[in-house]
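Undergrad: One structure follows; several queries about it will come next.
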Amino acid sequence: MMTEFVKLFLTVEFAKVLLIILGLVAAVFVWIWFTNAMAAQMAGWKNLVEKYPAPEIERPGEIFKRLTGNIGSTEFGRGFTVQLIQEGLLVRPGFGRRLPILIPWSKISEVAVSEGTVFGREQNLQLTVEWEKRLLFSLSPQVLPALEKNVPADRFRKVKVPPLSLRELLKEGWKNRKSR
């Protein structure tokens, strides 16, 4: 009493097509995992884990997800979760959630606070950490009070940002083009 529709799904050809599709999807996920793992290895994340080991127990603190960070010359867009805890910044990378680091407040070498907006959006803070390579995180302006409380004032600097929106930048470029 099987319908033609059910018989279609029980064919060998359908099973082959289904296995090929599942194999391709699995290959994409393996490729993404592999490239993230290789980027983390080349950037030196394991060295950071050794230098800034994180506590084993969970700590209370405000959490900021999907933040951009640079390790050396490698940028990880929206690849980090940062938690503000009493001892410093607890950083969990998207490529190694079981390998967090704890950056003590004293190891933050510079906090660049931008003035104005870029493309109509409020700019983030740029946080630089003492390490042999460049370690930089882009943080939300909501983190500023905690940083001001825990990082010495001489490590803060203001950064000028052009106050133009994208539309204004395009208009300005068009005006300059016409005047030539």
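Taken together, the values in this text are just the output of simple stated rules run on the coordinates, not laboratory data. On a predicted model such as this, the values are computed, not experimentally measured, just so you know. All Cβ positions, glycine included, derive from the backbone under ideal geometry; neighbour counts span all protein chains shown.
Undergrad: So how do 52-60, 34-42, 89-97 stack up, highest first, on mean other-Cβ count within 10 Å? Display every interim value, and only then the final one.
TA: Numbers: 52-60: 11.6, 34-42: 13.6, 89-97: 19.3.
Peptide ranking by packing, descending: 89-97, 34-42, 52-60.
Undergrad: Can you list residues whose amide H is under 5 Å from GLU110's amide H, if they're 5+ apart or on another chain and H is modeled 1.01 Å from N?
TA: THR128
Undergrad: So for the stretch 46-167, averaging the separation of alpha carbon pairs under 8 Å that are six or more residues apart and normalising by length, what relative contact order in percent results? All intermediate terms of the calculation are to be shown ahead of the outcome.
TA: Details: 237 pairs, mean separation 27.9, N = 122.
The normalised contact order for the stretch 46-167 reaches 23 percent.
Undergrad: Another question, if that's okay. Given the pairs LYS107/LYS158; LYS46/LYS158; LYS107/LYS149, which are separated by over 22 angstrom at their Cα positions?
TA: LYS46/LYS158
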